[in-house]
Structures are given as C-alpha cells and as structure tokens.
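Input: one structure, supplied below.
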Amino acid sequence: MAGDHPAHRPRVGAPGREEIALADGTRLVLRPLGPADGAALTTALHHLSPRSRYFRFVGVRREFSPEELRFLLGADGERHVALAAWDGVELAAVARFVICGAGPVAEAAVAVIDRAQRRGIGKLLLERLRTAALERGVTCFTGEVHVENAPMLRLLRKLGGKIGLASLGVCSATLALG
Ligand SMILES: CC(C)(COP(=O)(O)OP(=O)(O)OC[C@H]1O[C@@H](n2cnc3c(N)ncnc32)[C@H](O)[C@@H]1OP(=O)(O)O)[C@@H](O)C(=O)NCCC(=O)NCCS
C-alpha cells in the first residue's frame, strides 16, 4: 500500500539527545552523529583494536578516506540514521542503519571502542536504533558478520537475530524488529 511506504510517511525527527547511565554507573550521552563530529570519529577509529576494526569494516582500515567520512557523518536522520554514545567529549560507540532501496529493510552496523566494550553499550545502541528504525517503517535489519566475531554473533542472538550459513568467512544476519 503506497501510504505504508516509508517515503510517504510524515518525516520523523532525528533521535534526540538522551543521557543514560550504564550498570556500572558511567554516564553517557546519546545523540545523532553529525557533520561536525569528524575529529571524534577519526579518534574513535584509532581507539578500535585492529581486530575490532576488521570486524566492523571487514578489512584493514587505518584511516577513513574523505568519501567515507562524508558518508559516515552524513546521516540524514531519515533513510540513514547514525546514533553515537559519548563519554564526555570521547566518542565511545556508533550504531547506524541505512535503508536499502524501497523496501522496509535497512543495513545496520555498530562499533564500540575496545575499552568501552562489554558494558552494555552495543546492546543499548542497537535497541535505540531499532526504535528509530520502526518509526521510519523499517521492519528488518540486515548485516554481514565475520564467523569469528563471537561478541556480535552473541549479541545478535540475544536480540533474537537469525544467523545464516557462512560463506567465505562471513555470515549474513537478519534481525526482525517488529
Ligand atoms: C560487537 C560489539 C558491538 C558488542 O558491543 P558491546 O558494547 O561490547 O556489547 P554489550 O556489552 O552490549 O554486550 C551485549 C551482549 O553481547 C555479547 N557479548 C558482547 N561482548 C562479548 C564478548 N567479548 N564475548 C562474548 N559475548 C559478548 C554478550 O551476550 C553480551 O551480553 P552479556 O554481557 O549479558 O553476556 C563490540 O564488541 C564491537 O564494537 N566490536 C567491534 C566491531 C564489531 O564487531 N561490530 C559489529 C560488526 S558486524
């Protein structure tokens, strides 16, 4: 039905600013990642271990190219939503989705800097991203996960995701959001 297509829905505002407290008491601010956050994003890339970088970008990545930075900072809050977790001025994590084509499916990705991992941030960001996605008519996240990426595979299973068979070291994952 045409009226159900995301393009025909009224615009939804970008996720707002939110203060949260982790189980260990650390306070973080969640807000969309914006064009002014390039330096913080580049620093965060350096705060990912080579293994985490490999898992997030499926390849060796030391710096972002100008095109990648433009894309990563250029979420429009509608078809591309990027939500960041800030520990003071330090960027601790980013989760994003990009709506693929016309369908209600979006490709999602998340990365938490190594020293902030295993404290509930990845799960929390994916839950916030899920809410933002549903508001935009997205009913399913997809993504590719390396077969050795036990943390992400466990997190996805915990959220009810389905992991497909591996091909060339990568599994396709789907997470129904409804
Ligand atoms: C995968 C990733 C996003 C998880 O984020 P996180 O903040 O560390 O995860 P959380 O603390 O929210 O953990 C949620 C659940 O994930 C699983 N998990 C997270 N880290 C884990 C680890 N090192 N080993 C096993 N399970 C793990 C657990 O089930 C955990 O629940 P529990 O703490 O109750 O056991 C993070 O490890 C990361 O950024 N990795 C590098 C980039 C990456 O792989 N991105 C995904 C690309 S597809």
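So in region 73-90, with the set limited to residues that are in contact (Cβ under 8 Å) with a residue 24 or more places away in the chain and part of a strand (DSSP E or B), which one is farthest from Leu41 (Cα to Cα)? Talk me through it step by step, then tell me what you get.
Our first condition is that a residue be in contact (Cβ under 8 Å) with a residue 24 or more places away in the chain; within region 73-90, this holds for 73-75, 77-79, 81-87, 89-90.
Narrowing the set further to residues that are part of a strand (DSSP E or B) leaves 81-87, 90.
Working: Val81: 15, Ala82: 12, Leu83: 12, Ala84: 10, Ala85: 11, Trp86: 11, Asp87: 13, Glu90: 9 Å.
My answer is Val81.
Mind listing whichever residues of region 91-108 are surrounded by 20 or more Cβ atoms within 10 Å (Cβ to Cβ) and within 23 Å of Thr42 (Cβ to Cβ)? Please lay out each step first, then the result.
Pass one, region 91-108, residues surrounded by 20 or more Cβ atoms within 10 Å (Cβ to Cβ): 91-97, 99, 106, 108.
Hits for region 91-108 are Leu91, Ala92, Ala93, Val94, Ala95, Arg96, Phe97, Ala108.
Might you let me know whether region 83-90 holds any residue that is within 11 Å of the ligand (Cβ to nearest atom) and either buried (at least 18 other Cβ atoms within 10 Å of the Cβ) or more than 27 Å from Arg27 (Cα to Cα) (or both)? Outline the logic, then answer.
Just the residues of region 83-90 that are within 11 Å of the ligand (Cβ to nearest atom), to begin with: 85.
If we keep only those that are either buried (at least 18 other Cβ atoms within 10 Å of the Cβ) or more than 27 Å from Arg27 (Cα to Cα) (or both) as well, we get 85.
Within region 83-90, one or more residues are within 11 Å of the ligand (Cβ to nearest atom) and either buried (at least 18 other Cβ atoms within 10 Å of the Cβ) or more than 27 Å from Arg27 (Cα to Cα) (or both).
Considering only residues that are touching a strand residue (DSSP E or B) at 6+ places or on another chain (Cβ under 9 Å) and farther than 24 Å from Gln117 by Cα, look in region 53-74 and name the one that is farthest from the ligand (Cβ to nearest atom). Let's see the steps before the verdict.
The initial filter retains those residues of region 53-74 that are touching a strand residue (DSSP E or B) at 6+ places or on another chain (Cβ under 9 Å), namely 53-58, 71-74.
Those left that are additionally farther than 24 Å from Gln117 by Cα: 71, 74.
On the way: Phe71: 16, Gly74: 20 Å.
Looking at the filtered set, the residue picked out is Gly74.
May I pose another question? Taking region 98-126 on its own, how many of its residues are without any contact (Cβ under 8 Å) to a residue 40 or more places away in the chain, β-branched (Val, Ile, Thr) and part of a helix (DSSP H, G or I)?
The qualifying residues number 0.
Answer with yes or no whether Thr174 is hydroxyl-bearing (Ser, Thr, Tyr) and in contact with a Pro (Cβ under 8 Å, 6 or more places away or on another chain). Before the answer, list the steps.
Details: hydroxyl-bearing (Ser, Thr, Tyr): yes; in contact with a Pro (Cβ under 8 Å, 6 or more places away or on another chain): no.
Considered against the rule, which asks whether it is hydroxyl-bearing (Ser, Thr, Tyr) and in contact with a Pro (Cβ under 8 Å, 6 or more places away or on another chain), Thr174 comes out as no.
Among the residues in region 159-178, are any within 8 Å of the ligand (Cβ to nearest atom) and surrounded by fewer than 19 Cβ atoms within 10 Å (Cβ to Cβ)? Even if it seems obvious, please write down each step before you answer.
First, pick out the residues of region 159-178 that are within 8 Å of the ligand (Cβ to nearest atom): 173.
Within this subset, residues satisfying the condition of being surrounded by fewer than 19 Cβ atoms within 10 Å (Cβ to Cβ) are none.
No, that holds for no residue.
Please determine whether any residue of region 136-143 is near the ligand (Cβ under 8 Å from one of its atoms) and either within 19 Å of Ala21 (Cα to Cα) or of a type outside the set (Ser, Thr, Tyr) (or both). Explain how you work it out, then say what you get.
Here is the first cut: in region 136-143, the residues near the ligand (Cβ under 8 Å from one of its atoms) are 143.
With either within 19 Å of Ala21 (Cα to Cα) or of a type outside the set (Ser, Thr, Tyr) (or both) added as a condition, the list becomes 143.
For region 136-143, residues near the ligand (Cβ under 8 Å from one of its atoms) and either within 19 Å of Ala21 (Cα to Cα) or of a type outside the set (Ser, Thr, Tyr) (or both): present.
Of the numbered conditions (1) of a type outside the set (Val, Ile, Thr); (2) surrounded by fewer than 16 Cβ atoms within 10 Å (Cβ to Cβ); (3) within 7 Å of the ligand (Cβ to nearest atom); (4) at negative phi, Arg118 fails exactly one; give the number of that condition.
Exception for Arg118: condition (4).
Something else: Evaluate region 58-76: report whether one residue or more is at pLDDT below 95 and within 29 Å of Arg27 (Cβ to Cβ).
Within region 58-76, one or more residues are at pLDDT below 95 and within 29 Å of Arg27 (Cβ to Cβ).
The values are calculated or read from the model by the stated rules, or taken from the named source; none is laboratory data. Remember, it's a predicted structure, so these values are computed and weren't measured experimentally. Every residue, glycine among them, receives a Cβ derived from its backbone with ideal geometry; neighbour counts consider all protein chains shown.
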